[in-house]
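Below: one structure, written as structure tokens.
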Amino acid sequence: MCGFLGLAGLPGQDVSPELYEGLIALQHRGQDAAGILSFDGMFHLRKQNGMVRDIFRSRDMQRLRGNLAIGHVRYPTVGVGAEEDAQPFYMNFPFGIGMAHNGNLTNWVDLKSKQFPLDNIPLESSCDVEAILYAFAQGLQRTIGSEPLAQRIGEAVAAAFRRAKGAYSVCGILSEGVMFGFRDPTGIKPCILGKRVEEAGTSWAIASESVAFDVLGYERVRDLKNGEAVIIQPGKEPIFLQVAESLHTPCVFELVYFARPDSFLDKVSVYKTRRRFGEALAEQWAASGAPKADVVIPIPDSARDAALSMAEALNLPYREGFTKNRYVGRTFIMPNQEERQRSIRRKLNPIPLEFEGKNVLLVDDSIVRGNTSRKIIEVARKAGAAKVYFASTSPPLTSPCPYGIDMATEKDFVARGKTIEQVRDDIGADHLVYLELDRLVSCGKAGNSEINEFCTGCFTGKYPTEDAKEHLEALSEERASARN
């Protein structure tokens, strides 16, 4: 999981200051590094480890000139997370190409250690977008002299699809003064087109989440289809190319946790979907004969919407029982287990008045390793709760994700190989309910009837791409090495 944003403004504009604001809106998608690459006849790059607000200064904005620019916030899932892994990446020969992505290549280890060395291309980073960049460039090179532009870019995207396996969406710049984007053949990772109409003309944007458009005054045009590319030349209408065909299976965990509630992904409102999660969870809670709580309390922030609708459906009071420290990052994407453990208690502080003597129902979006849930339940008891019940708006997570979500290895999942009762005892809850998978998927599909399937591999161990399981072991080793 990462975040990207590309802007194609009108000739003579400098779009990097706006891009900076858009990256702030996407900061929740990655907190390890950020970068902006602009183009005004030359590429200008600024990237570094750290948060967006800490990296860019006025002098950077003055240097990052051009009406074309792409930006990125990183959440690393492979490699060592070194500064050279920060995106965007670019090359000047044989073509000028800049690129940023969100996702993960399941054959990254093979590409880096075997395939590209056979082409005498030494990859210099631990970031898999470098492999997509070179595969795209190789495809573009085969089209030298051919026209039109759409055909050349279509060939380059097809070449990237042939070599780069997994789940990813991409935005990029060609030195011909063109912005482009594409989404992998299964469409697991989101990629959205936006526009802003002004008197002087229309500006265009490509993003991994629609909330970036809202803060810049852009309107959503549409999501890219799986296997589709878009080409944007400033001042002209976009060109769409369907490069590959496959079953569209967007990631359901985007709706559960990653995306901001004010975003739309594949036409689905994240906010409304999370409200539906809460309603479905309330039905399941009541039907299971679960004990009656005195109050419903969310684990901020991504469980708030579900907890509110669950409380309404169960006719229970909804209370904010935890105050969140806004200056502690998302513990889920902390780089290692030790850092996650230290951050959990610093992140959430209880309001004892909402716990003392009450049977509280805590609602969270998921339970991964169990550390966060266990610690929060402990905090609730110390704050005076008589009983602590727990509800998860997603099913038990039991399988690693090969597509760019560094959840855990198989042995790390608290629910793997255990009954719900065993997980309940492990995290210290008095009662535990997980939202059933069928209910979860139905809530997502209710937002867009055109979606036939979601990627639910983290719950089922069944993945949309054929080579996912084959490469999970290599990816697990890579991630373990990075943590160490």
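The values are calculated or read from the model by the stated rules, or taken from the named source; none is laboratory data. Since the model is a prediction, treat every value here as computed from it, not as a measurement. Using ideal geometry, Cβ is built from the backbone for each residue, glycine included, and neighbour counts are taken over all protein chains shown.
Cβ-Cβ distances below 7 Å connect the following pairs, each with a first residue in region 385-401 that is farther than 17 Å from residue 412 by Cβ, a second residue that is basic (Lys, Arg) and in a loop (DSSP other than H, G, I, E, B), and a separation of six or more residues or different chains: 385/358; 386/358.
Residue 238 meets all of the listed conditions (1) under 27 Å from residue 278 (Cβ atoms); (2) in the same structural domain as residue 8 (by TED's automatic domain parsing) but one, namely (1). The combined condition, being modelled with pLDDT under 95 and on the phi < 0 side of the Ramachandran plot, is not fulfilled by residue 382. When residue 278 is tested against (1) within 27 Å of residue 366 (Cβ to Cβ); (2) among the small types (Gly, Ala, Ser); (3) not in a helix (DSSP H, G or I), only condition (3) is not met. Selection within region 87-121: residues that are over 28 Å from the mean Cα position of the chain (by Cα) and free of Cβ contacts under 8 Å to residues at least 12 places away in the same chain. The member of this set that is nearest to residue 258 (Cα to Cα) is 114. Restricting to region 318-371, what's the tally of residues that are at pLDDT 90 or above, β-branched (Val, Ile, Thr) and under 27 Å from residue 398 (Cα atoms)? Looking only at that region, the number is 4. Condition test on residue 208, is it touching a Pro at 6+ places or on another chain (Cβ under 6 Å) and under 14 Å from residue 102 (Cα atoms)? So residue 208 passes the test.
Name the residues in region 103-122 that are part of a helix (DSSP H, G or I) and either buried (at least 22 other Cβ atoms within 10 Å of the Cβ) or of a type outside the set (Ser, Thr, Tyr) (or both), would you? Within region 103-122, 108, 109, 110, 111, 112, 114, 115, 116, 117, 118 qualify. Note on region 1-72: enclosed helices (runs of 4 or more DSSP H) holding 3 or more residues that are out of contact with any Lys or Arg (no Cβ under 8 Å at 6 or more places or on another chain) and either surrounded by 16 or more Cβ atoms within 10 Å (Cβ to Cβ) or touching a residue at least 60 places away in the same chain (Cβ under 8 Å) (or both) are 16-25.
Please tell me if residue 445 is modelled with pLDDT of 90 or more, of a type in the set (D, E, K, R) and more than 28 Å from residue 377 (Cβ to Cβ). Yes, satisfied. Applying the criterion of at least 1 residues that are of a type in the set (Lys, Arg) and in contact (Cβ under 8 Å) with a residue 24 or more places away in the chain to the strands (runs of 3 or more DSSP E) found wholly in region 196-253 leaves 219-223.
The single condition from (1) buried (at least 18 other Cβ atoms within 10 Å of the Cβ); (2) farther than 21 Å from residue 286 by Cα that residue 412 fails is (1). Scanning region 96-113 for residues that are modelled with pLDDT of 90 or more and either farther than 25 Å from residue 455 by Cβ or in contact with a strand residue (DSSP E or B) (Cβ under 6 Å, 6 or more places away or on another chain) (or both) turns up 96, 97, 98, 99, 100, 101, 102, 103, 104, 105, 106.
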